[in-house]
Amino acid sequence: MPPATRWFVAGGKGAGTDPGSREAVSVFTGTLTADLLLGDVHSLKEKRAVVRPIVAELRRRFAVAVAEVGDPDLHRRAQVGVATVAGQPAHVADVLDACERWLADRPEVMLLSTHRQLFSETD
């Protein structure tokens, strides 16, 4: 059995390939943590009303996993974590770039900072 971090596809690249052959497939995971300053928010309920639509729209628009991951008790700050998986590191970077640009363009929040990580099957 292959190691847990190694994925294989039976059948290779196309039709007519020997069904017993196996080809290694690379898997890359990327994460983005965004630190947000919320606008005119005075309570945790108002914070939730701003953050929940942002999380939902990131999921819908970019097909990524998203959650509020930090600053749960601060009503004017939020940390949002985004994760994506792809077969190419460039695709992971493109998706995270698009998410970051989308967050930076939101008028109801100010993007203070971001942190990115890229993981490969050998990490």
### Message
Give the residue list of GluC sites (Glu not before Pro) in region 54-119 that are DSSP loop and have at most 16 other beta-carbon atoms within 10 angstrom.
### Response
Glu108
#### Entry: Val69 versus Glu46: modelled label distance in nm, points set 7 Å from Cα along the beta carbon direction
2.8 nm
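Does region 28-120 come out rounded, prolate or oblate, given a ≥ b ≥ c as the square roots of the eigenvalues of its C-alpha gyration tensor, rounded meaning a/c under 1.5 and, failing that, prolate meaning a/b above b/c? Display every interim value, and only then the final one.
Details: a/c = 2.23, a/b = 2.09, b/c = 1.07.
Prolate, since a/c reaches 1.5 and a/b exceeds b/c.
Counting alpha carbon pairs within less than 8 Å and at least 6 residues apart, what relative contact order, in whole percent, applies to region 28-120?
Details: 162 pairs, mean separation 44.5, N = 93.
Worked out over region 28-120, it gives 48 percent.
By how many nm would the segment from Arg76 to Gln117 grow when fully extended, if each residue of separation counts as 0.36 nm and the alpha-carbon distance is taken off?
Values: separation 41, 0.36 × 41 = 14.76 nm, distance 2.54 nm.
Using 0.36 nm per residue and subtracting the Cα-Cα distance, I get 12.2 nm.
The numbers here are math on the coordinates, done by the rules we state, and not lab data. Everything quoted here is computed from the prediction, not taken from an experiment. We place every Cβ from the backbone using ideal geometry, glycine too, and count neighbours over all the protein chains shown.
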